[in-house]
């Protein structure tokens, strides 16, 4: 008893699996219904009485059908004239007309479930019953050949439609490959109003029916259908030579035995073959056998397959977690534990937006996604084994080549990913970057981590390949301690500001300067700004540097403006800071505390810098401008969205990048670009600064083109403040004497 109770939930699950199987099978395996049976439906007609029923049957009779089945529940005895008409019409059919009595509920066989027509009408005419056996969600499964009520045995409608001899007991299984939508139908209202086209009913079996008052039942593969569709599907099944229910046991026994045999085999290919065969049999044998009238029930067999498959998957998942990545590929731990031969490079590839790809895919396709990427990498690199880790990282080791050849090879490998990935019904464009470690003599774990860091750096900066060379490895302690080193440089003056003057064409004088950060390290010497600013952004120290630059620039601006002439000071703002919530308040606090007019300060936003949150960035810049700061778009024209910047950012000034200015005298295209940029900026009420001017001819031509301000080595290199201040004082003195 306890065993039976334990298996009850599984037996219920097996019924669910059987229903899902037949619903799916009959959804895709369909054929049209025969044209020999036509349904005349009174659905849509209101208050059908005996007189209207008589008119409908008379219209049918005029079409000369072979046989008529009346499947209507029309009250008799309420209208004497209508009753008389109906009786005459029915008698006119003779034995070619039969009545259909439908059960009120499936599985119910007592007299109370059937409402028979009046004997005044039905006397002398055959009566057939329509009743069904359904499952847990009222989907028709089978039907009896006959039903015995009060000692009288009635054949069912499908038996009559098929023209076969009814069996005294047992059930038959409808042929649900018949598409219920293909059953020929005609509305009774159409028949009364205009008549059916010639030949529509002639020589055919006609079922006059209504769905009103009948409990709906589900039709496998097609949800709920009119009850008459099940009768027609049953008739199609009865026309076959066999209609035998083989129950659940043949497939169940075959499946269990096959799984036992496969479990005992050691060969992987043999196991796979048996698994594939048993799944194939369970999926295709039941639906195929239905075409000859053999009914295999796959319920228990499918349940066994699901349970066994779930257990196997759980075991496989456990091994995968312990030994491999989620994709089934060996993970980075496995690669790190593998000693590498001399002359091998370690390469890590990272796929951009990999997490977004996985979020789009269903869980079961995640492994396929990683496998497709790994196959492309294996084909392109020639590596026998690709290792996979989370976050879209793939690694392998391959023969070392000269650096230029290796980089060219990886760029060619990247071209393999120009074709999109096709995973299930999904298509994805891929963006892949590579990290390369060439440091032989270092343990594999260190090399993998080095290549991994380089791959992430390549992804972050949009480069195809990033190489982690030996000197980079030597620099790692420096980069990792950059936080403390920057603080030390600010304290001892190794980090300082240089100022590059800007010329005002309109007034003919130096009217401002750009503050540029510099670092002279006592042991490493001059460090290029791009190098340490990038590292400061990575280390989270760019905020401190920026606020230090602002403080120093304010000190310089106050000193220069004290000489009397208005002097504009420009500072650069990192794209890493533009969208920060506290940016505006920090700038406000500094200028308020220092007592300087914000209008004397110009904030330069580099167009090529990344904005993590564009909406917040634009909001912050608008608030800074409202406080009085001037805003400048630096390096205009070098990014991918110049016009978008110009449209979105509330700027006062454009700075034309030096690459255009340097070719002004030699390139008609660059001259046209600068001319149009100046015109566009002036049309928007903005000033234009040209930077990178290195000769007088360029300086003069820019003046002729209408440029507002000039900056470059022709005027002055970036200088310490005291040098710039003395030169500016001297210029003011000469200007005063000239006036």
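The values are calculated or read from the model by the stated rules, or taken from the named source; none is laboratory data. Just so we're clear, the structure is a prediction, and the values are computed from it rather than from any experiment. Counting neighbours? That spans all protein chains shown, and the Cβs are built from the backbone with ideal geometry, glycine included.
What the table below lists for this structure:
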item	result
Single condition residue 433 does not satisfy, out of (1) farther than 19 Å from residue 344 by Cα; (2) touching a residue at least 24 places away in the same chain (Cβ under 8 Å); (3) surrounded by fewer than 20 Cβ atoms within 10 Å (Cβ to Cβ)	(3)
Matching option when the condition is under 25 Å from the mean Cα position of the chain (by Cα), free of Cβ contacts under 8 Å to residues at least 60 places away in the same chain and in the same structural domain as residue 461 (by TED's automatic domain parsing), among 392, 352, 382	392
Some residue of region 204-212 being surrounded by fewer than 19 Cβ atoms within 10 Å (Cβ to Cβ) and either touching a residue at least 12 places away in the same chain (Cβ under 8 Å) or at positive phi (or both)	yes
Residue ranges of helices (runs of 4 or more DSSP H) in region 636-706 with at least 2 members under 27 Å from residue 621 (Cα atoms)	642-648, 658-661, 668-683
Residue match in region 64-74 (condition: touching a helix residue (DSSP H, G or I) at 6+ places or on another chain (Cβ under 9 Å) and over 19 Å from residue 201 (Cβ atoms))	yes
Number of positions in region 155-196 that are part of a helix (DSSP H, G or I) and in contact with a helix residue (DSSP H, G or I) (Cβ under 7 Å, 6 or more places away or on another chain)	9
Which numbered condition residue 376 fails, given (1) under 27 Å from the mean Cα position of the chain (by Cα); (2) closer than 16 Å to residue 435 by Cα	(2)
Residue count, region 110-136 (criterion: in a loop (DSSP other than H, G, I, E, B), more than 22 Å from residue 226 (Cβ to Cβ) and at pLDDT below 90)	4
Flag for residue 364 being surrounded by fewer than 17 Cβ atoms within 10 Å (Cβ to Cβ) and outside any loop (DSSP other than H, G, I, E, B)	yes
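Here is a yes/no grid of residues against (1) within 19 Å of residue 512 (Cα to Cα); (2) at pLDDT 90 or above; (3) assigned to a loop (DSSP other than H, G, I, E, B); (4) touching a helix residue (DSSP H, G or I) at 6+ places or on another chain (Cβ under 6 Å):
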| position | (1), (2), (3), (4) |
| --- | --- |
| 557 | yes, yes, no, yes |
| 560 | yes, yes, no, no |
| 569 | yes, yes, no, yes |
| 605 | yes, no, no, no |
| 612 | no, no, yes, no |
| 622 | no, yes, no, no |
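Conditions (1) under 18 Å from residue 508 (Cα atoms); (2) at pLDDT below 95; (3) touching a strand residue (DSSP E or B) at 6+ places or on another chain (Cβ under 7 Å), marked per residue:
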position	(1), (2), (3)
641	no, yes, no
658	no, yes, no
667	no, yes, no
670	no, yes, no
674	no, yes, yes
686	no, yes, yes
692	no, yes, no
708	yes, no, yes
716	yes, yes, yes
